[in-house]
Amino acid sequence: MNLSLINPYIRLAMESRIPKGHNIAKRVIYDYELIYIEEGSFTFIYDDKPYLCSAGDFVFIRPGISHSFHLDRGEISQPHIHFDITHRPQSEMIPISFKDIDKMSDEEREWIHKDYFSAYNRTPLLNIQKNAEFLAIFKRIVSEHSDDLTRKSLMVQLLAIIIADNFYELLQVEKQTNVVFQIKDYIDAGNGMGMTLDDFAKTFFYDKFYLERKFKDAFGLNLIEYRNKKRMEIAKNLLKLYSVYEVSELVGYQSIYAFSRAYKNYFGYAPSKKR
């Protein structure tokens, strides 16, 4: 998941009280739902596992996971928010689901949002370190009639806390993925033209074999292959303005002969012809 793409759409945010003995049958939702147990307690069956949810708990229901509620302990107060983490073209048209997946049509199954947390912790009970701050933001979204932009901003803050406190692995993956994009941007800007794989590893503080693998996974080329490709593209443009000797130095070659050979191997003709 690219965390920079988080753009939440709040489908529903409301206070809610459910009387004792009222159960919510097994269902799968299309989006995410965040519930705060304000009063009372109930048994929650999530992914076929039972959880006792009590006052003070935050429950995080993810798309595509079967669940049901059993309110056999009295009335509960459970303000909740239904939302998409990323706003999709049909977000405004998708309803809230009360169906299990086997009761859904093919079209309804396509409404189930991608679960960005599918590789991580599947418990629905959130661990929230900044509980007071989190609850204050949650209550603002549920109780205030703010404009869409304000609510979206508040939802981003909630998601940041949820991810930091419950999906730390996702942050690590994001950090590791980001480094290869940083290296690509670095090369695209014309930097590192003479750097080796060891040089990139030292500069960006990562193991060179890890960088090599992750870069190829992201862009389909080894890091040095991509550097060489960009090096040649930059050299081709520079030859419109500078001599072959000057360009060879500008793109990091130790000699004009090494540059000329690499250029000819890449383009099929000598740099002097381009010049």
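Structure summary
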quantity: Kirkwood hydrodynamic radius of the stretch 171-274, Cα pairs, Å; calculated: 14.4
quantity: Global geometry of the stretch 6-84, whether rounded, prolate or oblate, following the gyration tensor of its Cα atoms and the 1.5 cut on a/c; calculated: oblate
quantity: The chain: calculated mean residue ellipticity at 222 nm from DSSP helix runs of at least 4, using -39500 (n - 2.57); calculated: -13000 deg cm²/dmol
quantity: Stretch gain in nm, segment Gln254-Glu108, where the contour uses 0.36 nm per residue and the Cα spacing is subtracted; calculated: 46.4 nm
quantity: From the coordinates shown, mean projected area of the Cα convex hull in nm² corresponds to which of (i) 22.2; (ii) 19.7; (iii) 25.1; calculated: (ii)
quantity: For the chain, built as a Gaussian network whose Cα springs stay under 10 Å, the top-fluctuating residue of Ser146, Ser255, Ser66; calculated: Ser255
quantity: Label zone at Asp188 (point 7 Å along Cα-to-Cβ), backbone N below 15 Å, the stretch 234-272; calculated: 234
quantity: Degrees between helix 256-267 axis and first principal axis of the chain (Cα, 0 to 90, nearest 10); calculated: 60
quantity: By average C-beta atoms within 10 angstrom, highest first, the peptides 222-229, 133-140; calculated: 222-229, 133-140
quantity: ³J(HN,Hα), Karplus 6.51/-1.76/1.60, whole Hz, each residue of the stretch 8-19, x for Gly, Pro; calculated: x, 10, 8, 7, 7, 9, 7, 6, 7, 10, 10, x
quantity: Protection-proxy order for peptides 54-64, 204-214, each taking the mean of Cβ atoms within 10 Å per residue, highest first; calculated: 54-64, 204-214
quantity: Spin-label proximity, Leu135 to the stretch 31-51 - amide N less than 12 Å from point 7 Å beyond Cα toward beta carbon; calculated: 36-39
quantity: Full-stretch length increase - Lys264, Asp217 - with 0.36 nm per residue and alpha-carbon distance subtracted; calculated: 14.1 nm
quantity: Calculated FRET efficiency for the pair Ile45/Arg17, C-beta based, R₀ 22 Å, to 0.05; calculated: 0.55
quantity: Tensor-based shape of the stretch 3-166 (alpha-carbon gyration tensor, a/c under 1.5 rounded, otherwise prolate or oblate); calculated: rounded
quantity: Distance in nm between pseudo-label sites at Asn121 and Ala160 (7 Å out along the Cβ direction from Cα); calculated: 1.9
quantity: Förster radius 45 Å - calculated FRET efficiency between His70 and Lys236, Cβ distance, rounded to 0.05; calculated: 0.10
quantity: Share of pairwise Cα separations in the stretch 228-275, more than 13 Å, in percent; calculated: 44
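We did not get these values from a lab; they are worked out from the coordinates using the rules stated. Since the model is a prediction, treat every value here as computed from it, not as a measurement. Positions of Cβ are generated from backbone atoms using ideal geometry, with glycine treated the same way; all protein chains shown enter the neighbour counts.
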